[in-house]
């Protein structure tokens, strides 16, 4: 867990040191009070004045106030440090996760990444908040208290030793029994998060298929599993309360019993001295025990925090499979794309998804990809923006291998519309202009042009136009509207290359045709790569590439492929008749 401390800022480190100093001040004040108590007893024994007694009493009161104030200040600063650490950790995890490729996301799963960013960070944060005061206070307090009482009386010292031994045995039992369960609980929390997320995102499907009972049973099994592990941990932790009760009540009883025996055997002159020593020893002994109890409180939280810290490190230490290139100074902006002997297989897979892909796209050309489900269409175009990297061969953009661009340089050339249209919470304009950096102000004309080309003029009929609110995930707009807004977002950046990954599927034929015509007229210099299932969408493309089981089996215009490619002809005739194909 110490690795997480590197994410503390300089200010947090200063606050941490200040907090520790106030903890030491608190310990000093608490240990000073019994000494003045002993002095008062000595004054009484020597027939001192009331003034002397009151003066020592004021000293005790002053140190008590100092103890309270110092621990309040220490807690305040330690809490600030813990909150700062939690903030920094969440920021680091989030910044790391948004650089992940699909390979890393699939390795951890979305549910697990959410848990690591929230629950796991909270566990580490809580331990730091407690530990900064207790881990400093407990050792300092116990050592200083032991030094003060070690030479007072052997029998009393043995009583304290027995009490400490009982506490340590309880602590070891808890650590060895509960630690393995803490790791299991965090994994089960991932699972609970996943099942809950499935139920919420798939609520419509669950209701449509009357699967409420099935989904509820699935959730209950996961919930019962995590509850059972929590109960086991709680039962192990329940050993603490009876042990502490026995120690906290038994130790004073042992001290007073030993003191009574010593006073019974002592002379009348020594009885008051023994009583004074017994009072002071009892105070110090309780402080020693309280210090060990504080350590137990830390160790109760530490195993789970260690598991959480390890899970956080797994995310922060992962090496991205998509490395940032060194960058290029070439100012060329042509939108040319070339695939040279490209082959690809997914991480840890044995079979290649794409094999020996070769083609070239010139500036302003529209190239479409078609093929049966699983033929590798989406995988192929995802190699251009480096969602995945080609396993073999080269993907070249503007004469430069995409691996040589920095991610930022490459992304600035591309407008990407994913297979699943994604909208974010905010206004329509926020969603369309999200590709612009902070400080950049896209012109209203540019936004209007993107909306016009994307056939998204419906936004002007909304109550507040482009400033109307969009719910997270675009829940308050239709599928076709989401696709058109996603296309407008890509167009607003005026990219060299537009990539449509089956981005017309929710559009009706009329809107589909109007959008393609607008692209041809108003974005003629932009290179377009289109994945589509509908022949009507791709029929007029400059070039159509047919894929089958990861290989190119056809390349040419619609008319050429109808003559020369049996697979393309079969797909075309399965959708439209020959007469409809002529008019499409």
Query raised in the report: What is the number of the single condition among (1) at pLDDT below 85; (2) under 24 Å from residue 304 (Cα atoms) that residue 161 does not meet?
Result: (2)
Report summary line: The strands (runs of 3 or more DSSP E) lying wholly within the range 492-575 that contain at least 2 residues that are buried (at least 21 other Cβ atoms within 10 Å of the Cβ) are 497-501, 527-531, 543-548
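Every residue, every condition in (1) in a loop (DSSP other than H, G, I, E, B); (2) at positive phi; (3) at pLDDT below 80, yes or no:
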{"position": "90", "(1), (2), (3)": "no, no, no"}
{"position": "99", "(1), (2), (3)": "yes, no, no"}
{"position": "112", "(1), (2), (3)": "no, no, no"}
{"position": "117", "(1), (2), (3)": "no, no, no"}
{"position": "124", "(1), (2), (3)": "no, no, no"}
{"position": "128", "(1), (2), (3)": "no, no, no"}
{"position": "133", "(1), (2), (3)": "no, no, no"}
{"position": "140", "(1), (2), (3)": "no, no, no"}
{"position": "145", "(1), (2), (3)": "no, no, yes"}
**Report entry** Residues of the range 434-475 satisfying the condition of being under 25 Å from the mean Cα position of the chain (by Cα) and in a helix (DSSP H, G or I)
**Finding:** 472, 473, 474
Query raised in the report: Residue check, residue 409 against (1) closer than 19 Å to residue 496 by Cα; (2) touching a helix residue (DSSP H, G or I) at 6+ places or on another chain (Cβ under 9 Å), all met but one. Which one?
Result: (2)
Requested in this report: Scan (1) buried (at least 16 other Cβ atoms within 10 Å of the Cβ); (2) at pLDDT 90 or above for the single condition residue 442 breaks and write down its number.
Outcome: (2)
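In the range 468-478, what residues are surrounded by 13 or more Cβ atoms within 10 Å (Cβ to Cβ) and either over 13 Å from residue 506 (Cβ atoms) or at pLDDT below 85 (or both)?
468, 469, 470, 473, 474, 476
I need a count of the residues in the range 412-433 that are assigned to a strand (DSSP E or B), farther than 18 Å from residue 101 by Cβ and touching a helix residue (DSSP H, G or I) at 6+ places or on another chain (Cβ under 8 Å).
3
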Requested in this report: May I ask you to verify whether residue 155 is touching a residue at least 40 places away in the same chain (Cβ under 8 Å) and either surrounded by 19 or more Cβ atoms within 10 Å (Cβ to Cβ) or outside any helix (DSSP H, G or I) (or both)?
Outcome: no
Report task. Can you work out which of the residues in the range 331-345 that are out of contact with any strand residue (DSSP E or B) (no Cβ under 6 Å at 6 or more places or on another chain) and over 29 Å from residue 113 (Cα atoms) is modelled with the highest pLDDT? Result -> 336
Query raised in the report: On the given criteria, is residue 273 in the same structural domain as residue 43 (by TED's automatic domain parsing), without any contact (Cβ under 8 Å) to a residue 40 or more places away in the chain and surrounded by fewer than 18 Cβ atoms within 10 Å (Cβ to Cβ)?
Result: no
**Report entry** Matching option when the condition is assigned by TED's automatic domain parsing to the domain that holds residue 173, touching a residue at least 60 places away in the same chain (Cβ under 8 Å) and over 30 Å from residue 495 (Cα atoms), among 267, 291, 238
**Finding:** 291
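The values are calculated or read from the model by the stated rules, or taken from the named source; none is laboratory data. For clarity, every value in this text was computed on a predicted model and none was experimentally measured. Every residue, glycine as well, gets a Cβ built from its backbone with ideal geometry; the counts of neighbours run over all protein chains shown.
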